[in-house]
């Protein structure tokens with residue numbers, strides 16, 4: 001067999017391995033059993049012990065050997081195995097040593113000298129001076145599978161790990177426990193050697209790094225389970241791929257800017273891009289993101305898609321960096337929407353380094369029991385002024401929340417049900433979601449999680465309360481999402497009647513002071529209060545005002561927006577007004593006689 005035929009046979013064996021790989025993917029039952037990537041604690045892997053003593057080296061075309069014949073130096077010397085696998089020896093000519101071990105070659109040479117009666121019982125030693133370059137094949141979870149020619153480092157044979165490194169290194173989906181080394185035998189059969197490179201990483205035992213032979217084929221299977229804890233170890237292995245170069249990935253779901261991206265390493269210990277780095281590049285996760293079920297969809301070298309479930313919540317709760325999975329070229333990241341809204345989790349997510357920017361202006365709508373319902377553009381800081389007047393959109397220093405949106409919409413009305421406020425949101429899948437928040441818990445318990453952050457396109461709905469507790473109205477009026485001022489119209493017997501702007505929860509007596517107080521005609525003991533209710537009805541009642549009492553509903557009620565206060569005249573003022581009505585006509589009649597008599601007096605003076 002010449003050298004060209006040998007190379008053709010090796011390529012054919014590599015092609016056979018590729019076909020076998022395809023069959024293992026299409027028909028899993030034909031392949032070897034798939035074990036998890038990392039053995040469970042206390043379990044014993046089938047490949048947990050180093051391989052047995054390796055087979056002796058077999059000669060082939062290109063090898064340089066030394067032949068020493070005892071006490072026959074003229075026949076001894078250095079020889080090279082020719083392309084046809086033979087060596088040319090003194091006296092006997094060509095002897096085929098292709099595929100023989102050194103011991104077998106020595107025995108064959110001795111037999112040739114003795115059978116031809118050139119030497120009697122010769123003592124021959126054959127040693128390897130320089131090995132030929134090895135041609136090997138490598139397939140599976142490496143970056144550049146194919147056929148390779150491996151040069152030798154002196155007389156040292158290359159190992160499995162060196163071959164993997166030359167082939168571009170392992171991928172993150174490699175199963176290092178079940179690396180297969182297929183080695184052809186002299187009789188045409190094939191030996192399969194299981195190599196456990198994971199033990200090489202864990203123990204540093206070089207016996208696990210098997211030496212290669214010419215014609216060997218290496219297959220690295222895909223791990224059917226990815227352990228986040230081993231990703232960094234794989235990335236730091238000497239035979240790992242150089243993944244510090246930018247890689248193309250795609251990201252979809254609940255992120256700010258889904259789409260394809262080119263991400264690069266961060267310069268950390270491994271320098272390899274991680275899932276959180278990719279999410280940040282896509283604008284960060286939205287508050288509807290379910291970070292406990294993030295998926296990495298990865299196409300393996302064997303052709304099928306592998307889905308890796310990632311829980312990023314431990315990364316937030318305990319800085320578990322193992323969950324920040326390392327990426328590889330072609331990965332697709334999917335961030336699903338959360339099924340059941342947890343306001344505490346949303347509040348925690350807003351502080352994550354991979355959360356979306358929460359200070360950008362948002363286009364939202366506020367409807368229901370607010371003074372100025374409608375669409376608004378809001379940022380984080382916003383505060384309304386007087387009731388019914390929309391506040392400013394605010395600056396971008398803090399994230400926009402529900403209460404800030406209500407403030408921009410003029411504040412809540414008195415009959416707003418702040419226990420059942422709804423945020424109506426459409427997720428990235430186009431499905432509507434309703435988040436119910438209870439701002440009463442924010443007021444009474446200080447539960448800041450209720451003041452959840454808004455997203456682009458949200459609609460805030462403030463419903464009408466079916467029942468109003470008067471004691472709660474005052475507390476709600478003092479809330480930050482209530483108006484700064486309300487408007488009350490005070491008319492009648494006061495010094496400066498007209499429209500008065502007062503703070504919420506202002507009692508009647510203080511509102512009267514704002515007008516300068518009663519005039520001399522006022523009935524100070526009885527005030528008429530007219531109130532327009534949000535349901536369209538009008539309430540009218542008389543209040544026996546008592547300036548010595550604190551705010552109370554009977555003698556010193558708390559005023560609401562758009563109340564009308566009428567200060568009626570006193571009884572004496574009413575009598576005076578009646579007398580004026582009677583006397584006024586008589587005075588006009590009397591004036592008719594006063595004018596002529598004046599003229600008569602003038603003529604008398606003449």
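The values are calculated or read from the model by the stated rules, or taken from the named source; none is laboratory data. Everything numeric in this text was worked out from a predicted model, so none of it was measured. Neighbour counts are summed over all protein chains in view; Cβ atoms, including those assigned to glycine, are modelled from backbone coordinates with ideal geometry.
Name the residue, out of 172, 245, that is within 21 Å of residue 272 (Cα to Cα), touching a helix residue (DSSP H, G or I) at 6+ places or on another chain (Cβ under 8 Å) and not in a strand (DSSP E or B).
172
Inside the stretch 112-134, can you point out the residues that are farther than 19 Å from residue 60 by Cβ, crowded, with 16+ Cβ neighbours inside 10 Å and touching a helix residue (DSSP H, G or I) at 6+ places or on another chain (Cβ under 9 Å)?
119, 122, 124
Here are some residues: 201, 181. Which one is part of a helix (DSSP H, G or I) and either without any contact (Cβ under 8 Å) to a residue 60 or more places away in the chain or out of contact with any helix residue (DSSP H, G or I) (no Cβ under 9 Å at 6 or more places or on another chain) (or both)?
None of the others qualify; the one that does is 201.
Do we find a residue being more than 29 Å from residue 440 (Cα to Cα) and modelled with pLDDT of 85 or more anywhere in the stretch 546-563?
no
Say we look at the stretch 186-197 and pick out the residues that are out of contact with any strand residue (DSSP E or B) (no Cβ under 6 Å at 6 or more places or on another chain) and modelled with pLDDT under 90; which of these is surrounded by the most Cβ atoms within 10 Å (Cβ to Cβ)?
186
Tell me which of these residue 467 doesn't satisfy, since it passes every other one: (1) outside the structural domain of residue 524 (by the TED database); (2) part of a strand (DSSP E or B).
The one condition residue 467 does not meet is (2).
Looking only at residues in the stretch 272-283 that are assigned to a loop (DSSP other than H, G, I, E, B) and farther than 7 Å from residue 255 by Cβ, which one is farthest from the chain's Cα centre (by Cα)?
It comes out as 272.
More than 27 Å from residue 451 (Cβ to Cβ), outside the structural domain of residue 144 (by the TED database) and either touching a residue at least 40 places away in the same chain (Cβ under 8 Å) or touching a helix residue (DSSP H, G or I) at 6+ places or on another chain (Cβ under 6 Å) (or both) - does that describe any residue in the stretch 335-342?
So far as the stretch 335-342 goes, no, none of its residues is more than 27 Å from residue 451 (Cβ to Cβ), outside the structural domain of residue 144 (by the TED database) and either touching a residue at least 40 places away in the same chain (Cβ under 8 Å) or touching a helix residue (DSSP H, G or I) at 6+ places or on another chain (Cβ under 6 Å) (or both).
Kindly indicate whether any position in the stretch 289-303 is out of contact with any strand residue (DSSP E or B) (no Cβ under 7 Å at 6 or more places or on another chain) and closer than 30 Å to residue 138 by Cβ.
Checked the stretch 289-303: at least one residue is out of contact with any strand residue (DSSP E or B) (no Cβ under 7 Å at 6 or more places or on another chain) and closer than 30 Å to residue 138 by Cβ.
Among the residues of the stretch 90-111 satisfying the criterion of being in contact with a strand residue (DSSP E or B) (Cβ under 7 Å, 6 or more places away or on another chain) and closer than 17 Å to residue 73 by Cα, which is surrounded by the fewest Cβ atoms within 10 Å (Cβ to Cβ)?
This residue is 110.
Is it the case that residue 315 is at pLDDT 75 or above and more than 18 Å from residue 258 (Cβ to Cβ)?
yes
Looking at the stretch 204-232 only, could you name the residues that are in a helix (DSSP H, G or I), under 30 Å from residue 312 (Cβ atoms) and out of contact with any helix residue (DSSP H, G or I) (no Cβ under 6 Å at 6 or more places or on another chain)?
Selection gives 230, 231, 232.
From 480, 520, which residue is at pLDDT below 80, surrounded by fewer than 18 Cβ atoms within 10 Å (Cβ to Cβ) and either farther than 30 Å from residue 345 by Cα or under 48 Å from the mean Cα position of the chain (by Cα) (or both)?
480
Taking the stretch 432-464 as the search range and keeping residues that are out of contact with any helix residue (DSSP H, G or I) (no Cβ under 7 Å at 6 or more places or on another chain) and assigned to a loop (DSSP other than H, G, I, E, B), which one is surrounded by the fewest Cβ atoms within 10 Å (Cβ to Cβ)?
Applying the filter and picking the extreme gives 446.
Can you name the condition, by its number, that residue 110 falls short on among (1) farther than 26 Å from residue 185 by Cα; (2) in a helix (DSSP H, G or I)?
(1)
I'm checking my understanding of the structure. Among residues of the stretch 404-431 that are on the phi > 0 side of the Ramachandran plot and in contact (Cβ under 8 Å) with a residue 40 or more places away in the chain, which one is surrounded by the most Cβ atoms within 10 Å (Cβ to Cβ)?
Restricting to residues being on the phi > 0 side of the Ramachandran plot and in contact (Cβ under 8 Å) with a residue 40 or more places away in the chain, the top hit is 411.
Just one of (1) on the phi > 0 side of the Ramachandran plot; (2) without any contact (Cβ under 8 Å) to a residue 60 or more places away in the chain; (3) touching a strand residue (DSSP E or B) at 6+ places or on another chain (Cβ under 9 Å) trips up residue 562, so point out which.
Only one criterion in (1) on the phi > 0 side of the Ramachandran plot; (2) without any contact (Cβ under 8 Å) to a residue 60 or more places away in the chain; (3) touching a strand residue (DSSP E or B) at 6+ places or on another chain (Cβ under 9 Å) is unmet by residue 562, namely (2).
Return only the number of the condition from (1) at pLDDT below 85; (2) under 30 Å from residue 278 (Cβ atoms); (3) not assigned by the TED database to the domain that holds residue 306 that residue 425 does not satisfy.
(1)
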